[in-house]
1. Kindly check whether there is at least one residue in the range 329-342 that is among the polar types (S, T, N, Q) and within 21 Å of ARG179 (Cβ to Cβ).
2. Take ALA7 and decide whether it is modelled with pLDDT under 50 and either of a type outside the set (Lys, Arg) or within 30 Å of GLU260 (Cα to Cα) (or both).
3. Within the range 160-264, considering only helices (runs of 4 or more DSSP H) that don't extend past its boundaries, which have at least 1 residues that are closer than 25 Å to ALA338 by Cβ, open to solvent by 30 Å² or more (accessible area, probe 1.4 Å) and at pLDDT below 90?
4. Determine whether ALA107 is part of a helix (DSSP H, G or I) and either in contact (Cβ under 8 Å) with a residue 12 or more places away in the chain or among the basic types (Lys, Arg) (or both).
5. Out of everything in the range 274-293 that is within 26 Å of ALA175 (Cα to Cα) and of a type in the set (Val, Ile, Thr), what residue ends up being surrounded by the most Cβ atoms within 10 Å (Cβ to Cβ)?
6. If PRO40 satisfies every condition in (1) part of a loop (DSSP other than H, G, I, E, B); (2) at pLDDT 90 or above; (3) of a type outside the set (S, T, N, Q); (4) surrounded by fewer than 23 Cβ atoms within 10 Å (Cβ to Cβ) but one, which is the exception?
7. When you look at THR143, is it closer than 22 Å to GLN306 by Cα and either touching a Phe, Trp or Tyr at 6+ places or on another chain (Cβ under 7 Å) or not in a helix (DSSP H, G or I) (or both), yes or no?
8. Conditions: (1) part of a helix (DSSP H, G or I); (2) modelled with pLDDT under 90; (3) not aromatic (Phe, Trp, Tyr). THR323 meets all but one. Number of the miss?
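The values are calculated or read from the model by the stated rules, or taken from the named source; none is laboratory data. For clarity, every value in this text was computed on a predicted model and none was experimentally measured. Reconstructed Cβ throughout: ideal geometry from the backbone, glycine too, with neighbour counts over all protein chains shown. Heavy atoms of the whole protein, side chains included, go into the accessibility calculation; ligands, DNA and RNA do not. Shrake-Rupley method; radii C 1.70, N 1.55, O 1.52, S 1.80 Å.
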Amino acid sequence: MRAESSAIEPTGIAVSSGTEPTGAMTGAATASTPTGPPAPETETPGSPSGVRAPGGPSRTDRRAGTLQAVLGVIAFSLTFPATAWGLEGFGPWSLVAVRCVLAAAIAGGCLLALRVPVPARRHLAGIAVVAAGVVLGFPLLTTLALRTSTTAHAAVVVGLLPLTTALFSALRTGARPSRMFWLAACAGATAVIAFTVRQSGGALTGADAYLFGALLICAAGYTEGGRLARVMPGWQVIGWALVLCLPLSVPGALLALSYEPVHLTAHSVAGVLWVAAGSQFLGLVVWYRGMASIGIPKASQLQLAQPLLTLVWSVLLLGEHLTPAAPLTAAAVLVCIALTQRSRG
């Protein structure tokens, strides 16, 4: 047998050496190896196809992941008000195309500066889903909806997005949250939907078709992006998705700008810059990192707070009004979020 130097693996189990006396090895094995059956492996939340990882993420990693996901939610909560600002100077098609080009320029510059290699071919299909869902589909459909819908009414789609993302995650990655998780998620979604529908007067509009379409395609993009962020950095996931859309976004921007008049104002410029840099790139960077760390289902439930944050921004930035039910709904949502984060699985 080839001689090896004695070492202790990270698991705490001694590696036998071919040169040590038998008695010494027996003592070392007895001191370092448990006599009972091996401890069961724990499943990392949101791991692809239910793959088990020894121990899962540490408490520090989970806290950092939760913080990153929260920062993503805050960035996303500004998207609808910023889009409303952008529509003051841009048409819907030109706004979406310009935000994609600007975000791709930022992401592409980072990829070039760091000399990031092109993703492996097996990841391209997933990146295409991210591109279709969160780069093109969700921005376009919600922008078209906001032409005739208020930000309060549009928040309905965000109220359903956490639950829909958790469902997509269960189907795509094999994640199996507990029953308590699903009960809390459904309760939180119900509270948000009831509040936002009441806030908008309870009326359904023609924009609802756009909103529900955006809900489905964005949930698919979030799920695929969260899955990819476990095997490659989150900023590269969204970065390559933005770059992949350049053959469509550049000619689309030129065509849309030639047909839709542009009236640059402070609001419109600030709005398009935020949705490009904040919502389309930086927000998704921290969001995907958070999803990879704490799991897609748990991260998605943090978005239950997003509609309420959006309504706060709509009051501060757009002059819309809130009802007294807002703080009660906020408290209910926070309880539901706490339950989903403490649930197992």
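1. The answer is yes, given that some residue of the range 329-342 is among the polar types (S, T, N, Q) and within 21 Å of ARG179 (Cβ to Cβ).
2. yes
3. Details: elements: 179-199, 208-228, 234-244, 246-259.
In the range 160-264, 179-199 are the helices (runs of 4 or more DSSP H) which contain 1 or more residues that are closer than 25 Å to ALA338 by Cβ, open to solvent by 30 Å² or more (accessible area, probe 1.4 Å) and at pLDDT below 90.
4. So ALA107 passes the test.
5. My answer is VAL285.
6. Unmet for PRO40, out of (1) part of a loop (DSSP other than H, G, I, E, B); (2) at pLDDT 90 or above; (3) of a type outside the set (S, T, N, Q); (4) surrounded by fewer than 23 Cβ atoms within 10 Å (Cβ to Cβ): (2).
7. Numbers: closer than 22 Å to GLN306 by Cα: yes; either touching a Phe, Trp or Tyr at 6+ places or on another chain (Cβ under 7 Å) or not in a helix (DSSP H, G or I) (or both): no.
Considered against the rule, which asks whether it is closer than 22 Å to GLN306 by Cα and either touching a Phe, Trp or Tyr at 6+ places or on another chain (Cβ under 7 Å) or not in a helix (DSSP H, G or I) (or both), THR143 comes out as no.
8. The number of the failed condition is (1).
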